[in-house]
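Step one of this worksheet: look at the structure below.
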Amino acid sequence: MSERPIVSQEEMQRQREYMRQVRGLSGRPGSYHIVSMGCQMNARDSESIAGMLEEMGMVREEVRERADLILYNTCCVRENAENKALGNVIWLKELKRDKPDLMICVGGCMTQEKGMAATMKARYPFIDVIYGTHNLYRLPEYIYRRLSGGEPVVEVFDMDGEVVEGLPERRASRHSAFVNIMYGCNNFCSYCIVPYVRGRERSRDPEEILAEAARLLDGGVQEITLLGQNVNSYRGGGAEFANLLRRLDAMGVPRIRFMTSHPKDLSDELIAAYGDLEHLMPALHLPVQAGNDEILQRMNRRYTRERYLDLVRRLRAVRPDIGLTSDIIVGFPGETRNQFEDTLSLVREVRFDAAYTFVYSPRKGTRAAELPDPVSAQEKSAWIQELIALQQSISLEALSAQVGRRETVLVEGASTRDSGSLGGRTPRGHMVNFPGGAELTGRFVEVEITSAGKNTLRGRRIEEE
Ligand code: 5AD
Ligand code: SF4
């Protein structure tokens, strides 16, 4: 993987100047609301967008209908993500009828799809700014142009993209942070649209990453999750991913996590890191996608079932308590019942803590979208239900095995499920709810696990003697 040029300081300065100019415009939007769809990469992008909008003088508005500017950060990995985004955009048309000054911006992976921006421009002329994945840093310029009397802006770069450093940011959490380490993907799994909309792999410079981590630590962050479409092929400054982990560990970042990992690139060094890095949490999201070799080959995953199982054995040998999670696709074109059963048996064999399961969704422009797909939607839906039921019973057993244990939990905040309760994660990544006051948010507390639910644990705080 090569390193890509970074966007120049002059260009970033130009955008800072636009932010200043927007701030000074009379009648500019006073508040913003961002709807972030899709993965953590998008969530992290939304933090940069929020940072830029705040530099332009806008304040965050929790209620979408009340905001002066609404921005959709879209996803296109499956058709339903796209439909959701488009459904939302249509609804915005109504809102804009009642509120003509409302500014609407739409960007992210969906607008980067071939031909999508032009189609959207024609169909939804009420959108003020349409941008893609490679030019998010130019949002200040686009917003300025539109606000100072220009036409709606539709600009999507047809290129692989660069690395952007130095964008303002408004982080969603004060104690847990996402840090991008690389962008794009070179793998071209045959079902996946991501390489087309996020471009080729490019790594951030390790010094930039470490400097960001140092700033976050100074600000009180307790947990850093490194992000990339495939962090295992990180090659910043020529160094491999495990090396970056070692440096972060040595800095004393209390908890380190990362996602996502491609099994074909999971190195011996990374497995070893799970054995000896103090701050690397015993958790790994390792998407398997399917349990049958022929399907894996047609998916262009470039590993076999046996190789995946071998990785799992080796990871567990160095870190017996490691919690594994996965992504699984059901109903890839041409998948037979027997082949699907190999996925079931793999799930039984590995015993993931949790798995995100998806029915295959054809994406235009990908190779799999051209393959014959004889299995009906009903049948695929029955298969996925079977898989979900199996995984649920395994998840419940994995959670039940935690009962009685004492765990250090990083408190994320008030529980979304029951009031008066806090929610936090164990090192392995299990969510624990327990009674406690909001002042504990962002702190490490000792908890005894008292019971297991379907997806979460319950516990009680152990007061330090
Ligand atoms: N259909 C269904 N699931 C998909 N994923 C990616 N592309 C598709 C598709 N076309 C899933 C994969 C990936 C996760 C982020 O989304 O499991 O790991
Ligand atoms: Fe898509 Fe495969 Fe790249 Fe993941 S590794 S983003 S599934 S092409």
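The values are calculated or read from the model by the stated rules, or taken from the named source; none is laboratory data. Note that this is a predicted model, so its numbers are computed, not measured. Please note: Cβ atoms are built from the backbone with ideal geometry, for glycine as well, and neighbour counts cover all protein chains shown. Note: accessible area is taken over every heavy atom of the protein model, side chains too, but ligands, DNA and RNA are not part of it. Shrake-Rupley method; radii C 1.70, N 1.55, O 1.52, S 1.80 Å.
Yes or no, residue by residue, for (1) within 16 Å of ligand 2 (Cβ to nearest atom); (2) touching a strand residue (DSSP E or B) at 6+ places or on another chain (Cβ under 9 Å):
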site: ILE209; (1), (2): no, yes
site: ASP218; (1), (2): no, no
site: VAL253; (1), (2): no, yes
site: MET259; (1), (2): yes, yes
Checked pairs for segment 168-186, first more than 14 Å from MET41 (Cβ to Cβ), second open to solvent by 30 Å² or more (accessible area, probe 1.4 Å) and among the β-branched types (Val, Ile, Thr), C-beta under 8 Å and 6 or more apart or across chains, list as HIS175/THR441
Does segment 229-266 hold any residues that are within 16 Å of ligand 1 (Cβ to nearest atom), touching a Phe, Trp or Tyr at 6+ places or on another chain (Cβ under 8 Å) and in a loop (DSSP other than H, G, I, E, B), and which are they?
-> GLN229
Just name the residue that is nearest to SER31 (Cα to Cα) out of those in segment 62-88 that are open to solvent by less than 10 Å² (accessible area, probe 1.4 Å) and in a loop (DSSP other than H, G, I, E, B).
-> ALA67
Hey, among CYS39, CYS76, which residue is within 16 Å of ligand 1 (Cβ to nearest atom) and free of Cβ contacts under 8 Å to residues at least 40 places away in the same chain?
-> CYS39
If you go through segment 129-150 one residue at a time, do you hit one that is in contact with a helix residue (DSSP H, G or I) (Cβ under 9 Å, 6 or more places away or on another chain), more than 20 Å from GLN40 (Cα to Cα) and among the small types (Gly, Ala, Ser)?
-> yes
Could you check, for segment 209-224, whether at least one of its residues is within 16 Å of ligand 1 (Cβ to nearest atom) and either open to solvent by 20 Å² or more (accessible area, probe 1.4 Å) or under 15 Å from the mean Cα position of the chain (by Cα) (or both)?
-> no
Single condition ALA273 does not satisfy, out of (1) away from ligand 2 (no atom under 16 Å from the Cβ); (2) part of a loop (DSSP other than H, G, I, E, B); (3) crowded, with 20+ Cβ neighbours inside 10 Å | (2)
Might you let me know whether segment 231-240 holds any residue that is within 27 Å of GLN297 (Cβ to Cβ), open to solvent by 10 Å² or more (accessible area, probe 1.4 Å), more than 16 Å from ligand 2 (Cβ to nearest atom) and not aromatic (Phe, Trp, Tyr)?
-> yes
Kindly indicate which of ARG60, ARG78 is under 20 Å from TYR183 (Cα atoms) and in contact with a strand residue (DSSP E or B) (Cβ under 9 Å, 6 or more places away or on another chain).
-> ARG78
